[in-house]
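Only one structure is covered here, and it is reproduced in the block below.
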Amino acid sequence: MSSKKTFYITTPIYYPSDKLHIGHSYTTVAADAMARFKRMKGYDVKFLTGTDEHGQKIQRKAEEKGVTPKEYVDEIVAGIQELWKTLEISYDQFIRTTDHYHVTTVQKIFKKLYDQGDIYKSYYEGWYCTPCESFWTQSQLIDGKCPDCGREVELTKEEAYFFKLSKYQDRLIEHIEKNPEFIQPETIKNEMIYNFLKPGLEDLCVSRTSFDWGIPVTFDQQHVVYVWIDALSNYITALGYLSSNEEAFKKYWPADVHLVGKDIARFHTIIWPAMLMALDLPLPKKVFGHGWILLKGGKMSKSKGNVVDPMILVDKYGVDAIRYYVLRELPFGSDGVYSEDALITRINSDLANDLGNLVSRTVSMVNKYFGGKLPGKQEFGEFDDDLITLALETPRKVEENMDRLQFSNALIDIWKLISRTNKYIDETAPWILAKKEEKKPRLAAVLYHLLESIRFISVLIQPFLPNTPKKIWEQIGIQQGELTTWDSLKEFGRYPEQARVQKGMAIFPRIEIEKKEEVKQQPKKKKENHRKEETAPTQIGIEDFAKIDFRTAKILQAEKVKGADKLLKLQVQMGEETRQVVSGIAQYYKPEDLIGKTVVVVANLKPVKLRGEQSEGMILAASNGEKLSLVTLDDDALDTGTQVR
Ligand code: MSP
């Protein structure tokens, strides 16, 4: 038996809807980056994904199309598998809830829970939302409609089996309190404790009789297992739980992490742990509920018609660029707005400029100054230590961020090394060294440091950008193997001196942006006090004031706008929506000091572009021309998106 440490990671199993969008790809790309990272670290990884194929919605759609539900899902599942292949998702197992082994194990689980009294028969009466496959109580409805999707609900009463969820409430609270890492991020943990667990859990309806596209309850054939018991069990049926071969189950369970979107965090942090407690099984070590990729107008969804097709995006921009964008753009846990402009900016600035140019400049210089191969003699000098120190520190920083599932921060760390390496070129100015013969040994050392840093970078980006490293290795003349492992980053200086570089195609060609918006001029600072009559604002009526939609918003992310000293690019949470606002406050606030502040935004200001960055609103601040202070609110006193009057 292998003595390697195991790492079991799962994505949710996807509903076979006609098209998965870029939002769906988010969970899976993140899980894939994590799985690749752990494999690189030497873990025995099990990465599970799959499809959740039962339920009334599927049955209805199949009927509409005149095919059987199985025929209907088969075609869609093939499309999903194709998408994962395109996105280079390296899953170890793809489970379908229609797979025979899953069906039989779910039946055994249901029977076991029934036999031990955790499942009992009763009646269910409630409001049912078919698209969401959820029952709601009267008080949960909003304006008589489904609180999740806003659609019509039907009053339904039927005989049903119930799972004794309420019985596990106290144990669950205790587990969450004793295991601070169990539910992440904190916002979701608090939501679960204060919105669901503390107010009290109700028993859960776990069977249905009104449709039959589901797993039949073996001892009561009129019933099919209602979706969550079926779906959640996949994480253990995939491992052979209760089958004749439980080897994988013994090896990988409990899962190290279930990655899920925040919309299904409740099912994974309440229902699933309670089921596992009832089955007397250990709970997963972590459930991480990530944020949503939003499009203008809220969460991306097919029914809203604002779907972005990842296949088309990959075709247009390449798989590594799309993976980089989704992992880099939003901090894992927060929502973020998808925009093609932001994607192109990332490609051009981070990938083509920072990374691509570093590789091509270095390779060109080795070709130009040394005919493609460095001479043996090198002379170490100024700036080398700084670069080496950062290169050696970066793997640890990346690992820390990966362990906290902070993919975006891990990429930021790698890009700091890329920037530092680019800066090293400016500091050492190889083109000047090249002018004097006696400086050749120093020039050789500078280029060696560049090549070795590029080797570090190429190794570090492997989990995120699966195709780019190979392209870099070809150009810097190394082979995949010992020099491309995580362990090879323990030492700076392993790049083989005698390697021959080879100029290749640009690893990330720049995307030409058709039209560039003019940079808007910032208003000039007032230099002197004007006379009162000149500055006094015109009086307006309340109806004019009412035209301005002021809203509270929380700053989630802040960063400088490249090439603009005064501008900061902020991502703010405003109710359900995340927006980008560009604000001329860079001289007064450091980006990191802004995160978490609740500010006031003019929400109905026409969007503009500032230095190529979309700005959707304006943040209120008081300024006398010299000093500036943001208008802020007490932390978390009100929900974001609250109107300010
Ligand atoms: N079938 C259930 C999961 C059962 S797990 C035992 C389901 N499927 S889903 O297809 O609707 O969603 C799959 C995943 O995609 C979920 O984690 C969901 O949060 C995620 N996303 C769907 N739309 C999304 C965005 N717009 N942005 C980010 N993630 C999104 O739920």
So the helices (runs of 4 or more DSSP H) completely within the stretch 216-282 holding 3 or more residues that are out of contact with any Cys (no Cβ under 9 Å at 6 or more places or on another chain) and under 22 Å from residue 177 (Cα atoms) are 272-278
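Would you mind finding the one in 482, 497 that is open to solvent by 10 Å² or more (accessible area, probe 1.4 Å), at pLDDT below 95 and over 24 Å from residue 327 (Cβ atoms)?
497
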Log entry, pairs with first residue in the stretch 74-95 being more than 10 Å from residue 51 (Cβ to Cβ), second being among the acidic types (Asp, Glu) and in a helix (DSSP H, G or I), beta carbons closer than 8 Å, six or more apart or on different chains, reads 87/32; 88/32; 89/32; 90/32; 91/32
message: Being touching a helix residue (DSSP H, G or I) at 6+ places or on another chain (Cβ under 9 Å), touching a residue at least 60 places away in the same chain (Cβ under 8 Å) and acidic (Asp, Glu): is that true of residue 118 here?
response: yes
Residue 19 vs (1) buried (at least 18 other Cβ atoms within 10 Å of the Cβ); (2) within 24 Å of residue 338 (Cβ to Cβ): all pass except (1)
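Considering only the stretch 558-576, state which residues are crowded, with 21+ Cβ neighbours inside 10 Å and in a strand (DSSP E or B). Write out each step before concluding.
Within the stretch 558-576, the first condition is being crowded, with 21+ Cβ neighbours inside 10 Å, and the residues that meet it are 558, 567-573.
Listed by number, the residues that qualify are 558, 568, 569, 570, 571, 572, 573.
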All conditions in (1) out of contact with any strand residue (DSSP E or B) (no Cβ under 6 Å at 6 or more places or on another chain); (2) open to solvent by less than 40 Å² (accessible area, probe 1.4 Å) are true of residue 71 except (2)
Filter the stretch 330-347 for residues that are of a type in the set (D, E, K, R) and away from the ligand (no atom under 16 Å from the Cβ); the one that is most open to solvent (accessible area, probe 1.4 Å) is 341
* Looking at the stretch 591-613, is at least one residue open to solvent by 70 Å² or more (accessible area, probe 1.4 Å), in a strand (DSSP E or B) and touching a Ser or Thr at 6+ places or on another chain (Cβ under 9 Å)? -> no
Filtering the stretch 1-44 down to residues that are more than 13 Å from the ligand (Cβ to nearest atom), in contact with a helix residue (DSSP H, G or I) (Cβ under 6 Å, 6 or more places away or on another chain) and farther than 19 Å from residue 398 by Cα yields 6, 8
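Could you list, in sequence order, all residues of the stretch 470-479 that are crowded, with 21+ Cβ neighbours inside 10 Å and part of a helix (DSSP H, G or I)?
472, 475, 476
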Subset of the stretch 282-294, residues more than 17 Å from residue 10 (Cα to Cα) and open to solvent by less than 30 Å² (accessible area, probe 1.4 Å), comes to 293, 294
Is at least one residue of the stretch 250-259 touching a residue at least 24 places away in the same chain (Cβ under 8 Å), open to solvent by 10 Å² or more (accessible area, probe 1.4 Å) and within 14 Å of the ligand (Cβ to nearest atom)?
no
Residue 108 vs (1) within 26 Å of residue 131 (Cβ to Cβ); (2) more than 15 Å from the ligand (Cβ to nearest atom): all pass except (1)
Cβ pairs under 7 Å, 6+ apart or interchain, first in the stretch 457-484 and under 13 Å from residue 351 (Cβ atoms), second of a type in the set (Asp, Glu), ordered by first then second residue, are 465/320; 467/320; 468/320
Check: Do we have residue 155 as more than 30 Å from residue 28 (Cα to Cα) and not in a helix (DSSP H, G or I) here?
Finding: yes
Per the filter on the stretch 444-503, residues aliphatic (A, V, I, L, M) and farther than 17 Å from residue 430 by Cβ are 457, 459, 460, 461, 465, 472, 478, 483, 489, 499
Just to be sure, is residue 72 under 30 Å from residue 322 (Cβ atoms) and touching a helix residue (DSSP H, G or I) at 6+ places or on another chain (Cβ under 8 Å)?
-> yes
Take residue 106 and tell me if it is among the aliphatic types (A, V, I, L, M), touching a Lys or Arg at 6+ places or on another chain (Cβ under 8 Å), crowded, with 16+ Cβ neighbours inside 10 Å and over 28 Å from residue 485 (Cβ atoms).
no
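The values are calculated or read from the model by the stated rules, or taken from the named source; none is laboratory data. These figures come from a predicted structure and were not determined experimentally. With ideal geometry, Cβ positions are generated from the backbone for all residues, glycine too; neighbour counts draw on all protein chains shown. In case anyone asks, the SASA skips ligands and DNA or RNA and just uses the protein heavy atoms, side chains included. Shrake-Rupley method; radii C 1.70, N 1.55, O 1.52, S 1.80 Å.
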